[in-house]
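Undergrad: My questions will all concern the structure given below.
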Amino acid sequence: MKFDIDAALTRDEALGALTSRWSPRLCEEAVPAARACGRVLARDCHARYDLPRHRVSSFDGIAVRSTDFADGMPDTAGWKLGRDYVRADTGDDFPDEFDAVVAIEDVELREDGSVAVDPGVEVRPGLAVKPAGATMADGELLYRGGTLLTPEAIALLAAGGWAEVPVLRRLRVGYVPTGTELVSVGVEPTRGQNVQTNSLALGAYCAQWGADLVAYDIVADDRDALAAALDRALAECDLVLVNGGSSRGSEDFNSELLAERASFFAHGVRAVPGRPIGLAIVGGKPAVNVPGPMIAALLAADWLVHGLVCHGYGQPLPRRVAVPAVLDAPLGARPGFEQLARLVLAEHDGVLHAAPVPAGATLAQNVGAVNGFVAVPAGERWETGSMVDVEVLGTVAPML
Ligand SMILES: Nc1nc2c(c(=O)[nH]1)N[C@H]1C(S)=C(S)[C@@H](COP(=O)(O)OP(=O)(O)OC[C@H]3O[C@@H](n4cnc5c(N)ncnc54)[C@H](O)[C@@H]3O)O[C@H]1N2
Ligand code: MOO
């Protein structure tokens, strides 16, 4: 399909064009806290009680009456367990007549049940006592609705009394791989064939973002078959990705099929790789023609599909942390188009360096070691040695 480069949208405009026309309402469902990791919280959740419920000891020690110490160290030689003091370890409740705890290191417990308290200890009301609600206060906000729940989040919610967690229904992201040349994973490609792998990355990304990728079978470059697959995915999913056939090839029908059905359609974004993206709203749902080449598809997943999934859950696309690094080779972007650069970040002698993936890199060079990302603004050029803010994709290993 031909497209007009002058009409191409920036990445922000492209995402905004779709999100401003799409507001899904996902219903709420309850899941046990143990299965809520990776789900999106449906509404604000507050603590349902104080923790501790009642004051407890904050050390391993003995609970005493502070009044016994009001005039200095009392004679404890005749003290009895249960009458003058009790054992109270960290987190233990103890009888209300006691109001202070002396740490066990400052106490000698004698065989006859009496004790000796280190004379340096100043016992006052509340010493080493954790008040009710100090760990968690009844009504305290735990998480806002829209939060993608993490391992620690489900533990915190459960601690606050949320054994069942209200979450949003999972978004269904339809994925239609297209191309006569594609074979499924596990099939060794023969001449003219390629392995359909983008669904693996997209499926795993969606899982990380709290959504389900519904991956359909590979569709050959046949207009009618592509139309049928697209219509089925649109009927069954909240948003649809059609992968491949986005550019100007003789069998690149997908953007055309989207345009025919769309209430909104735009072709092409001002960013490479991934320029020939088709952006559509069909039947009120986003439908995106994601470019076929793996790196273009991964980048589109990162800024566009992730942005759509976040919006589907009522959230903005989160920002990644950027760190300053020394550029090890020049980077440039041609006029009118951002260059989306993947880089290898590594520490040399305590200084962070960023090495751009060279042009013509193999997939292994472009995927394997990459742990940084930067978008070079349209028309800019950065020389070797310049400092750039690089978004960290993974972890940065020190060079050995
Ligand atoms: N004459 C021009 N040719 C191309 C242009 C252009 O402007 N003029 N744009 C180039 C750019 S930029 C891109 S990006 C690609 C877009 O490709 P398509 O979206 O049309 O994808 P296909 O042609 O179907 O496939 C390209 C390549 O990707 C492989 N592929 C496709 N789907 C998958 C998948 N699910 N998993 C793994 N690999 C996949 C496919 O086998 C091909 O090798 O067009 C340029 N051409
Ligand atoms: O836009 Mo394409 O090859 O540059 O991904």
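Undergrad: So with the 1.4 Å probe, I'd like the accessible area per residue for the chain, rounded to whole Å².
TA: Roughly 49 Å² per residue, with all protein chains present.
Undergrad: Which Cα, out of Val86, Gly61, Leu109, lies furthest along the positive dipole direction of the range 56-130 (beta carbon charges, K/R +1, D/E -1)?
TA: Val86
Undergrad: While we're looking at this one, here's another question. Amide H to amide H under 5 Å from Tyr143: which residues, 5+ apart in sequence or cross-chain, H placed 1.01 Å off N in plane?
TA: Amide H neighbours of Tyr143, under 5 Å, 5+ apart: Cys45.
Undergrad: Once phi is turned into θ = phi - 60°, what whole-Hz ³J(HN,Hα) does the Karplus curve with 6.51, -1.76 and 1.60 give for every residue of the range 387-395, x standing for Gly and Pro?
TA: Whole-Hz 3J(HN,Hα) from phi for the range 387-395: 8, 10, 8, 10, 6, 8, 8, x, 10.
Undergrad: Using just the helices of the chain, give the 222 nm mean residue ellipticity in deg cm²/dmol: DSSP H runs with n ≥ 4 each add -39,500 (n - 2.57), and the total is spread over all residues, rounded to 500. Walk me through the numbers before you get to the answer.
TA: Working: 7 runs with 66 residues, N = 400.
Computed ellipticity for the chain at 222 nm equals -4500 deg cm²/dmol.
Undergrad: Given the peptides 222-230, 18-26, arrange them by the average over their residues of other C-beta atoms within 10 Å, most packed first.
TA: In decreasing order of mean packing, 222-230, 18-26 become 222-230, 18-26.
Undergrad: With a point put 7 Å past each Cα toward its Cβ, work out how far Arg248 is from Ala158 in nm, to one decimal.
TA: Roughly 5.7 nm, to one decimal.
Undergrad: With a Cα-only, solvent-free Debye model of the range 56-130, what are the log10 I(q)/I(0) values at q = 0.21, 0.23 Å⁻¹?
TA: -0.83, -1.02
Undergrad: Can you list the residues of the range 273-298 with backbone N under 15 Å from a point 7 Å past the Cα of Ala235, pointing along Cα to Cβ?
TA: Hits in the range 273-298 for Ala235 at 15 Å: 283.
Undergrad: Give the value in nm², to one decimal: projected area of the alpha carbon convex hull of the range 116-216, averaged over all directions.
TA: Over every viewing direction, the Cα hull of the range 116-216 projects on average to 13.7 nm².
Undergrad: Placing unit charges on C-beta atoms (Lys and Arg positive, Asp and Glu negative, everything else neutral), compute the dipole magnitude of the chain about its Cα centre in debye, rounded to 20.
TA: 1780 debye
Undergrad: Go through the range 90-133 and name the GluC sites (Glu not before Pro) that are in a DSSP coil and have 16 or fewer other Cβ atoms within 10 Å of their Cβ.
TA: Counting only loop positions with at most 16 other Cβ atoms within 10 Å, the GluC sites (Glu not before Pro) in the range 90-133 are Glu97, Glu111, Glu122.
Undergrad: Further, regarding this structure: How big is the Cα convex hull of the chain in projection, averaged over all directions, in nm²?
TA: Averaging across all directions leaves 28.4 nm² for the Cα convex hull.
Undergrad: Less than 13 Å from a label point 7 Å out along the Cα-to-Cβ axis of Ala137: which backbone N atoms in the range 35-61 qualify, by residue?
TA: In the range 35-61, the label zone of Ala137 (backbone N under 13 Å from the point 7 Å along Cα→Cβ) covers 47, 50-51.
Undergrad: Follow-up. Expressed as a rounded percentage, what relative contact order does the chain have, with Cα pairs under 8 Å and six or more residues apart?
TA: 16 percent
Undergrad: Please report, in whole Å³, the volume per residue of the convex hull around the C-alpha atoms of the range 280-365.
TA: 145 Å³
Undergrad: Can you give me the long-range amide H partners of Leu352? Hydrogens built in the peptide plane at 1.01 Å from N, cutoff under 5 Å, separation of 5 or more residues or another chain.
TA: Val326
Undergrad: A further question follows. Can you grab the distance from the C-alpha centre of the range 241-267 to the C-alpha centre of the range 77-123, Å, no decimals?
TA: Result: 77 Å between the Cα centres.
Undergrad: Quick check: the distance between the Cα centres of the range 182-224 and the range 361-400, to the nearest angstrom?
TA: Cα centroid of the range 182-224 versus Cα centroid of the range 361-400: 27 Å apart.
Undergrad: How about the range 116-186: which trypsin sites (Lys or Arg not before Pro) there lie in a loop by DSSP and see at most 11 other Cβ atoms within 10 Å?
TA: Of the trypsin sites (Lys or Arg not before Pro), the ones in loops of the range 116-186 whose Cβ has at most 11 other Cβ atoms within 10 Å are Arg144.
Undergrad: Let me ask something additional. Tell me, Kirkwood radius of the range 322-398 from alpha-carbon pair distances, in Å?
TA: 12.4 Å
Undergrad: While we're on this one: Is the shape of the range 204-300 rounded, prolate or oblate, going by the alpha carbon gyration tensor and its root eigenvalues a ≥ b ≥ c, with a/c under 1.5 for rounded and a/b larger than b/c for prolate?
TA: Taking the square roots of the gyration eigenvalues as a ≥ b ≥ c, the range 204-300 is rounded.
Undergrad: Continuing with the same structure: Taking H placed 1.01 Å from N in the peptide plane, check which residues at least 5 places from Phe264 or on another chain put their amide H under 5 Å from its amide H.
TA: Ile281
Undergrad: Further, regarding this structure: What is the spin-label model distance, in nm, from Glu29 to Leu81 if the labels are put 7 Å beyond Cα along the C-beta direction?
TA: Distance between label points: 5.4 nm.
Undergrad: Of the listed peptides 237-245, 374-382, what is their order by residue-averaged count of other C-beta atoms within 10 Å, with the highest listed first?
TA: Packing order, densest peptide first, comes out as 237-245, 374-382.
The values are calculated or read from the model by the stated rules, or taken from the named source; none is laboratory data. None of the values given here were measured: they were computed from a predicted structure. Don't worry about glycine lacking a Cβ; one is built from the backbone with ideal geometry, like all the others, and counts go over all protein chains shown. For accessibility, only protein heavy atoms count, side chains too; no ligands or nucleic acids. Shrake-Rupley method; radii C 1.70, N 1.55, O 1.52, S 1.80 Å.
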